[in-house]
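The values are calculated or read from the model by the stated rules, or taken from the named source; none is laboratory data. What you see is a predicted model, and the numbers here were worked out from it, not measured in a lab. As a convention, Cβ positions derive from the backbone with ideal geometry for all residues, glycine included, and neighbour counts pool all protein chains shown. These area figures cover heavy atoms from the full protein model, side chains too; ligands, DNA and RNA do not enter into them. Shrake-Rupley method; radii C 1.70, N 1.55, O 1.52, S 1.80 Å.
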Amino acid sequence: MLNIGSLVIGAIALVLAVFAFIPLLGWANWVIIPFAVIGLALGAMSDKTSGRNLNIVVIVIGVIRLMLGGGII
């Protein structure tokens with residue numbers, strides 16, 4: 001059950017992260033990354049690894065996007 005919750009949170013965060021790639025919306029990653037960290041915590045408590053891995057990917061995408069935009073843009 002925790003894995004399903006982690007997958008749902010990760011899917012929502014991934015969709016939001018795609019929209020955050022639009023110029024001037026990079027600030028949204030400051031909200032998306034903590035949201036994905038919550039999903040990562042749920043995935044870490046689960047026996048399966050798919051939810052955890054999805055949230056790790058979302059976090060990496062968000063951090064890279066923040067680095068490219070200088071943290072704000």
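In whole percent, and with a 1.4 Å probe on the protein chains, what portion of the accessible area of the chain is carbon and sulfur?
84 percent
With the other protein chains left in place, how much accessible area per residue, in square angstrom, belongs to the chain at a 1.4 angstrom probe?
That works out to 61 Å² for each residue.
Quick check on region 1-40: take the gyration tensor over C-alpha atoms, sort the square-rooted eigenvalues as a ≥ b ≥ c, and tell me if it's rounded (a/c under 1.5), prolate or oblate.
oblate
Any chance you could look up the accessible area of V18 with a 1.4 Å probe, heavy atoms only, rounded to 10 Å²?
90 Å²
Sticking with the crude label model, points 7 Å out along Cα→Cβ, report the distance from I12 to M45 in nm, one decimal please.
That separation, rounded to one decimal, is 1.6 nm.
For the chain, which chymotrypsin sites (Phe, Trp or Tyr not before Pro) pass both filters: DSSP loop (anything but H, G, I, E, B) and at most 16 other C-beta atoms within 10 Å?
F21
Starting from the chain, pick out the trypsin sites (Lys or Arg not before Pro) whose DSSP state is loop and whose Cβ has at most 16 other Cβ atoms within 10 Å.
Here the sparse-neighbourhood loop sites are K48.
Going by alpha carbons, how many degrees (0 to 90, nearest 10) lie between the helix axis of 29-45 and the longest principal axis of the chain?
Long axis of 29-45 versus the principal axis of the chain: about 10 degrees.
Angle check, please: helix 50-68 long axis (alpha carbons) against the longest principal axis of the chain (alpha carbons), in degrees 0 to 90, nearest 10.
10 degrees
Kirkwood hydrodynamic radius, computed over distinct alpha-carbon pairs, for the chain: how many Å, to one decimal?
Across the chain, the inverse of the average 1/r is 11.8 Å.
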